Each structure stands twice: as structure tokens, then as C-alpha cells.
Amino acid sequence: METRAICTDCGFVSSDRVLKDSCPACGAPRSVFEPFEDRMSPARRKWLNQRAHQIMVAFPQVFVTVLFLSLICIALAPPRTAVLVHVKYTAKTLSLLVPFAVLGALITGYIDGRVRFTRLSGRFIRIKRNAGILLFACSCALASMIAVFGFKGPTAWITILVSLFALALSIVLGKLGGRLVCSEICEKQ
């Protein structure tokens with residue numbers, strides 16, 4: 001039978017076979033891991049197996065990427081291009097959807113963290129939480145800027161920069177989350 005270990009700092013559980021020199025969740029050294037026996041209730045296990053958070057994070061990542069590309073197209077396209085009307089409509093719609101998608105990812109991430117870890121105070125979790133909150137603030141700023149100023153003038157370039165920052169945050173969150181998902185997948189193989 002496969003043995004598992006738990007990080008005493010953050011509660012991350014890993015297979016001994018795939019555990020590296022440090023905890024993939026909080027970065028604590030391997031020496032803080034102790035043997036682990038899974039006593040998770042069926043309800044908690046069912047929640048984790050739904051992968052709700054992993055599904056929810058896909059929406060803001062896609063929306064932010066398409067929004068950024070749409071804003072670039074709007075800035076570079078010749079005026080009065082027929083397709084430009086559709087791209088502007090897409091950008092405006094996405095700018096309104098992104099904050100809700102990010103909020104959904106934040107909520108499911110919080111629930112997922114509460115179910116998965118004993119504490120949500122590890123370095124890795126704090127970075128993810130702060131980046132998620134910053135992404136939410138950026139997405140609200142983007143929605144406001146596009147609603148108030150549209151796509152004209154110098155604010156268009158500021159909107160592009162804010163969307164680029166939101167895209168970078170989305171990538172960082174994806175990479176951080178990927179560390180945990182990869183650890184779980186490796187455990188099962």
C-alpha cells in the first residue's frame with residue numbers, strides 16, 4: 001500500500017513516492033512532513049473530486065486572454081472596419097463577465113482550500129489569495145474603464161496595460177495552481 005505524508009505547516013498531503021525536497025503548497029522542507037492516514041469524510045472527498053475550483057479558474061483565464069487580444073485588435077485595427085464593431089461588443093461583454101468569473105474562482109478556491117488544507121496561512125496560499133484578489137480588482141477596473149471611457153483616446157492604452165497585468169496575474173495563478181494539481185496527478189500514477 002502506498003504511504004502518504006502530510007505537511008505539518010499547511011496540511012498538504014502527498015504521496016511519499018512523488019514528494020520532493022519541499023512542500024509544493026507552502027515551500028516547507030520535507031522534514032516537516034509526517035505520516036498521514038486519510039480520514040476524510042465522504043462529503044469532503046466528493047467536493048475535492050468535483051474539481052470545481054479547477055473548472056472555475058478556466059473561465060477568467062480564457063476571458064482575460066480574449067479580452068486582452070480584443071483590446072489589441074481594437075487599438076490596431078483601422079477605424080470603421082466592419083469586424084471592429086463585433087470585436088468591441090465582445091470586449092465590452094467580456095469586461096463585464098470577467099469580474100464575476102474571477103469572483104467565482106475566488107469563492108471555489110476558498111472552499112477548496114478550506115476542504116483541502118488545515119490552515120490557509122501558508123506562503124503559497126497567501127500568494128494565491130493575494131494574486132486572486134488583485135486579479136479581481138483589475139477585472140473590476142477594466143469593466144469600469146471600458147464602461148466609462150470606451151475604447152478611445154489615451155485611456156485605451158491604459159486599458160490595454162491593465163488587461164495585460166490581469167493576463168499576467170492569471171498566468172501566475174495558473175502556474176501556482178498547476179503545482180498542486182500536478183502533485184495530485186503524480187500521486188495517483
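Using 7 Å Cα-to-Cβ label points, what is the Leu103/Val115 separation (nm, one decimal)?
Each label point lies 7 Å from its Cα, and together they span 2.2 nm.
So for the chain, taking the charge dipole from beta-carbon charges (+1 Lys/Arg, -1 Asp/Glu), which of Leu103, Gln61, Ala143 sits furthest toward the positive end?
Selected residue: Ala143.
Taking R0 as 41 Å, what FRET efficiency do you get between Ile171 and Glu37 from their Cβ-Cβ distance, rounded to the nearest 0.05?
Step by step, r from the Cβ atoms, then E = 0.65.
Quick check on packing: order 5-12, 73-80, 141-148 by the mean number of other C-beta atoms within 10 Å, highest mean leading.
5-12, 141-148, 73-80
With +1 on each Lys and Arg Cβ and -1 on each Asp and Glu Cβ, and nothing else charged, work out how big the dipole of region 18-128 is about its Cα centre, in Debye to the nearest 20.
My answer is approximately 160 debye.
Can you list the residues, at least 5 places off or on another chain, whose amide H is less than 5 Å from the amide H of Asp16, using H built in the peptide plane?
Result for Asp16 returns Thr3, Arg4, Ala5.
Using Cβ counts within 10 Å as a stand-in for footprinting exposure, how do Leu161, Leu167, Leu48, Leu173 rank, fewest first?
So the ranking, lowest neighbour count to highest, is Leu161, Leu48, Leu167, Leu173.
What is the fewest-to-most order of Cys23, Cys140 by other Cβ atoms lying within 10 Å of their Cβ?
Result, fewest neighbours first: Cys140, Cys23.
Relative contact order (percent) for region 42-188, with alpha-carbon contacts under 8 angstrom and 6 or more residues of separation?
The normalised contact order for region 42-188 reaches 32 percent.
Ignoring everything except DSSP H segments at least 4 long, calculate the 222 nm mean residue ellipticity for the chain; use -39,500 (n - 2.57) per segment, divide by total residues, nearest 500.
-24000 deg cm²/dmol
Where the centre of each part is set by its Cα atoms, how far does region 104-128 sit from region 1-77, in angstrom?
9 Å
For the chain, list log₁₀ I(q)/I(0) at each q in 0.09, 0.10, 0.16 Å⁻¹, using the Debye formula over Cα point scatterers of equal strength and ignoring solvent, two decimals each.
-0.42, -0.49, -0.93
How big is the charge dipole of the chain about its Cα centre, in debye rounded to the nearest 20, if each Lys and Arg gets +1 on its Cβ and each Asp and Glu gets -1 on its Cβ?
Around 340 debye, computed over the chain.
Can you find, among Pro35, Pro78, Thr8, the residue farthest towards the positive end of the dipole of the chain? Put +1 on the C-beta of Lys and Arg, -1 on that of Asp and Glu.
Farthest towards the positive pole: Pro78.
Phe149 to Val18: extension gain in nm, 0.36 nm per residue of separation minus the Cα-Cα distance?
Extra length available between Phe149 and Val18 comes to 42.1 nm.
Each value in this text was obtained by applying a stated rule to the coordinates, not by laboratory testing. Every value quoted in this text rests on a predicted model; they were computed, and no experiment measured them. When we count neighbours, we look across all protein chains shown, and the Cβ atoms used for this are built from the backbone with ideal geometry, even at glycine.
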